[in-house]
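A quick write-up on the structure given underneath.
The values are calculated or read from the model by the stated rules, or taken from the named source; none is laboratory data. These numbers were taken from a predicted model, which means no experiment stands behind them. Note that we place each Cβ from the backbone using ideal geometry, even for glycine, and neighbour counts take in every protein chain shown. Accessible surface is based on the protein model in full, side chains and every heavy atom, while ligands, DNA and RNA are left aside. Shrake-Rupley method; radii C 1.70, N 1.55, O 1.52, S 1.80 Å.
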Number of protein chains: 2
Amino acid sequence: MDTRSPPVESGVAPVIVLVRPQLAENIGATARAMANCALTQLRLVAPRDGWPNPKAVPMAAGATDILEQAKVYESLRDALVDIDRAWATSARSRNLTKRVVTARGAAAAIRTAAAADERCAVVFGPERTGLETDEVVACHELIEIPLDPSFASLNLAQAVLLVAYEWFQTEAVPRVAEVRDPGRQPATLGQIHDFLDHFEAQLDDAGFFRHAQMKPAMMTNLKSFVLRAEPTDQEIRTLHGVITVLSGRRRHQLGE
Amino acid sequence: MDTRSPPVESGVAPVIVLVRPQLAENIGATARAMANCALTQLRLVAPRDGWPNPKAVPMAAGATDILEQAKVYESLRDALVDIDRAWATSARSRNLTKRVVTARGAAAAIRTAAAADERCAVVFGPERTGLETDEVVACHELIEIPLDPSFASLNLAQAVLLVAYEWFQTEAVPRVAEVRDPGRQPATLGQIHDFLDHFEAQLDDAGFFRHAQMKPAMMTNLKSFVLRAEPTDQEIRTLHGVITVLSGRRRHQLGE
């Protein structure tokens, strides 16, 4: 997977800000989700049960660096003082004239801003209530994650995960990656066609095509099937062996 | 948010399959993540602590319909018997020649397949170990979610969330057109696995596996090859005939 992972430079990744988080377990799970997506900087605004909190550790699943380096602030304003661009997150619509973007749209904007050396942050509210309207207003834009409107309430760490994931997908990750076993050597068409000749000869020999007029359509299907699988050269060798063994013992018994 | 939510039709959403899930809490959290993204069908293969399990309910955060309608199976094979296309999920690379896609790539493919009335499933392994190689082989393709390779271990429900989220972000109109034979009916996994049993039995009978220790790797390659081709039901019938005729005449000549 190394070839697909984007180069992560310190400074370009957004800061995650949790405002008045209630459960330390959710702070731990947030750290884990951040680590999954190569985010490192966590800021906590007035965590309900204080900080540090040992209850956060098990849920972090090893992302303890993030917990240890988390910074604590008294207010959202303090937490954002050195930030150039901030996105608030919200599960519900607000009566605000505010630019609203999807998580994917925000991720692209964060990459663009970071490329211009702007420091970015994404702000998440408390588990039960979400951000206050004033807190949303204090950020530049609003992220609404597109979800089923009849069941849009996300766990805090899952909301962080989706934003972090979208950020991680924006660079160097091919949209439709196709990764193959590094040992895979695709068979050449010469190898494939040789195999298909062998296959057809053995089917003829075994009387597979009971009616001559069936043969073209059946061979077309079988060839399509084999080519669609994009066989490796190893597989072609195995398939030769399969055909030889299945029919060869027959031939051997006939004394051919 | 109503204007941005895609139209979700029943039947097109993929089935989520959890193989040997250990913690009922994670089954509940999975149901919540599914509900966030308008998925409804959950299948459980041999859940460790049995099913139903009251410990799943609090983590479902109201997605109890999904828990109540979850179906339980003894084996992955049983759970996939009526499925046309299945994606396995894995956090680690495998020595398999298997098409590997991102969660986003899989989401697009699921939309395309569903538009052709194909039943899709995404399969997740147990929390600690992930899917066995045989279970990955039993599916058509493999999803690897692009994450920081130095911290790629996702909580089970978060892995489900990312796949479900990507599915929900795709529009009902498929992005990537895939040209299909209009008469093409994909074989179900039940049909494919029955064929693979027949194939293996005939190879055994013909003495194909000269050394017993070669057999698992060779069968893994052959199974990967067949599944990669995504055979139609017509092709599976033809392949049964191929195997029967190639080995049957041998048997006939032997007077068996």
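Quick one: in segment A:202-215, which of the residues that are without any contact (Cβ under 8 Å) to a residue 12 or more places away in the chain and of a type in the set (Gly, Ala, Ser) is most open to solvent (accessible area, probe 1.4 Å)?
A:Ala212
Residue check: is A:Asp65 more than 14 Å from every other protein chain (Cβ to nearest Cβ) and over 20 Å from the mean Cα position of the chain (by Cα)? Before you say what the answer is, go through the steps one by one.
Working: more than 14 Å from every other protein chain (Cβ to nearest Cβ): no; over 20 Å from the mean Cα position of the chain (by Cα): yes.
No, not satisfied.
In this structure, is B:Val15 crowded, with 22+ Cβ neighbours inside 10 Å, more than 14 Å from chain A (Cβ to nearest Cβ) and within 21 Å of B:Asp78 (Cα to Cα)? Before the answer, list the steps.
Working: crowded, with 22+ Cβ neighbours inside 10 Å: no; more than 14 Å from chain A (Cβ to nearest Cβ): yes; within 21 Å of B:Asp78 (Cα to Cα): yes.
Here the answer is no, as B:Val15 does not meet what is asked.
A:Met218 fails exactly one of the following numbered conditions: (1) surrounded by 14 or more Cβ atoms within 10 Å (Cβ to Cβ); (2) at pLDDT below 80; (3) over 27 Å from the mean Cα position of the chain (by Cα). What is the number of that condition?
(2)
Somewhere in segment A:6-20, is a residue at positive phi and at pLDDT 95 or above? Step through it out loud before you land on a result.
Step one: list which residues in segment A:6-20 are at positive phi, which gives A:11, A:20.
Still in the list and also at pLDDT 95 or above: A:20.
Yes, because at least one residue in segment A:6-20 is at positive phi and at pLDDT 95 or above.
Of all residues in segment A:185-201, which are of a type outside the set (Asp, Glu) and either open to solvent by 30 Å² or more (accessible area, probe 1.4 Å) or at pLDDT 90 or above (or both)? Steps first, please.
Step one: of segment A:185-201, the residues of a type outside the set (Asp, Glu) are A:185-193, A:195-196, A:198-199, A:201.
The answer is A:Gln185, A:Pro186, A:Thr188, A:Leu189, A:Gly190, A:Gln191, A:His193, A:Phe195, A:Leu196, A:His198, A:Phe199, A:Ala201.
Report, by residue number, each residue of segment A:141-159 that is more than 10 Å from every other protein chain (Cβ to nearest Cβ), open to solvent by less than 10 Å² (accessible area, probe 1.4 Å) and at pLDDT 90 or above.
A:Ile143
Condition test on A:Met34, is it under 28 Å from A:Phe151 (Cβ atoms), within 11 Å of chain B (Cβ to nearest Cβ), buried (at least 16 other Cβ atoms within 10 Å of the Cβ) and touching an Asp or Glu at 6+ places or on another chain (Cβ under 6 Å)?
Details: under 28 Å from A:Phe151 (Cβ atoms): yes; within 11 Å of chain B (Cβ to nearest Cβ): yes; buried (at least 16 other Cβ atoms within 10 Å of the Cβ): yes; touching an Asp or Glu at 6+ places or on another chain (Cβ under 6 Å): no.
Judged against the criteria, A:Met34 is not a match.
Any idea which residue in segment A:225-248 is nearest to the other protein chains (Cβ to nearest Cβ), counting only those that are open to solvent by 50 Å² or more (accessible area, probe 1.4 Å) and of a type in the set (S, T, N, Q)? Walk me through how you get there before you give the answer.
At the first step, the residues of segment A:225-248 found to be open to solvent by 50 Å² or more (accessible area, probe 1.4 Å) are A:227-228, A:230, A:234, A:237, A:240, A:244.
Among the residues that remain, those that are also of a type in the set (S, T, N, Q) are: A:234, A:244.
Numbers: A:Gln234: 7, A:Thr244: 9 Å.
Within segment A:225-248, the match that is nearest to the other protein chains (Cβ to nearest Cβ) is A:Gln234.
If only one of A:Ala108, A:Ala116, A:Ala138, A:Ala121 is closer than 16 Å to A:Val163 by Cβ and more than 14 Å from chain B (Cβ to nearest Cβ), which one is it? Walk me through it before giving the result.
On the way: A:Ala108 fails: more than 14 Å from chain B (Cβ to nearest Cβ); A:Ala116 fails: closer than 16 Å to A:Val163 by Cβ; A:Ala138 fails: closer than 16 Å to A:Val163 by Cβ.
Selected residue: A:Ala121, the only one of A:Ala108, A:Ala116, A:Ala138, A:Ala121 that is closer than 16 Å to A:Val163 by Cβ and more than 14 Å from chain B (Cβ to nearest Cβ).
Could we say that A:Ala164 is part of a helix (DSSP H, G or I), of a type outside the set (Asp, Glu) and modelled with pLDDT of 90 or more here?
Criteria met by A:Ala164.
What number of residues in segment A:29-47 are without any contact (Cβ under 8 Å) to a residue 40 or more places away in the chain and under 18 Å from A:Ala159 (Cβ atoms)? It would help to see each step written out before you state the result.
As a first pass, look at segment A:29-47 and keep what is without any contact (Cβ under 8 Å) to a residue 40 or more places away in the chain: A:31, A:35, A:40-42, A:44-47.
From what's left, under 18 Å from A:Ala159 (Cβ atoms): A:31, A:35, A:41-42, A:44-45, A:47.
So the answer is 7.
Which pairs do you get when a residue that is under 13 Å from B:Arg104 (Cα atoms), found in segment B:144-157, comes within reach of a residue that is of a type in the set (A, V, I, L, M, F, W, C), reach meaning Cβ atoms under 6 angstrom, with the pair 6+ apart or on two chains?
Note: pairs meeting the criteria are B:Glu144/B:Val100; B:Ile145/B:Ala103; B:Ile145/B:Leu162; B:Pro146/A:Val173.
With the checklist (1) surrounded by 16 or more Cβ atoms within 10 Å (Cβ to Cβ); (2) in contact with a strand residue (DSSP E or B) (Cβ under 9 Å, 6 or more places away or on another chain); (3) among the charged types (D, E, K, R) in hand, flag the one item B:Lys71 doesn't pass.
That leaves (1) as the condition not met.
Examine segment B:85-92 for a residue that is in a loop (DSSP other than H, G, I, E, B), open to solvent by less than 10 Å² (accessible area, probe 1.4 Å), among the charged types (D, E, K, R) and within 23 Å of B:Val226 (Cα to Cα), and state whether such a residue exists.
Residues of segment B:85-92 in a loop (DSSP other than H, G, I, E, B): B:90-92.
Adding the requirement that they be open to solvent by less than 10 Å² (accessible area, probe 1.4 Å) leaves none.
No - not one qualifying residue is present in segment B:85-92.
Can we say B:Gln169 is facing chain A (nearest Cβ under 8 Å), under 23 Å from the mean Cα position of the chain (by Cα) and either modelled with pLDDT of 90 or more or crowded, with 20+ Cβ neighbours inside 10 Å (or both)?
On the way: facing chain A (nearest Cβ under 8 Å): yes; under 23 Å from the mean Cα position of the chain (by Cα): yes; either modelled with pLDDT of 90 or more or crowded, with 20+ Cβ neighbours inside 10 Å (or both): yes.
Yes.
Scan segment B:173-184 residue by residue and report those that are at pLDDT below 65 and under 21 Å from the mean Cα position of the chain (by Cα).
Residues of segment B:173-184 that are at pLDDT below 65, as a first pass: B:173-183.
Once the filter is applied, which keeps residues that are at pLDDT below 65 and under 21 Å from the mean Cα position of the chain (by Cα), segment B:173-184 yields B:Pro174, B:Val176, B:Glu178, B:Arg180.
Which one of the conditions (1) touching a strand residue (DSSP E or B) at 6+ places or on another chain (Cβ under 7 Å); (2) aliphatic (A, V, I, L, M); (3) within 12 Å of chain A (Cβ to nearest Cβ) does B:Ala91 fail to meet, given that it meets all the rest?
(1)
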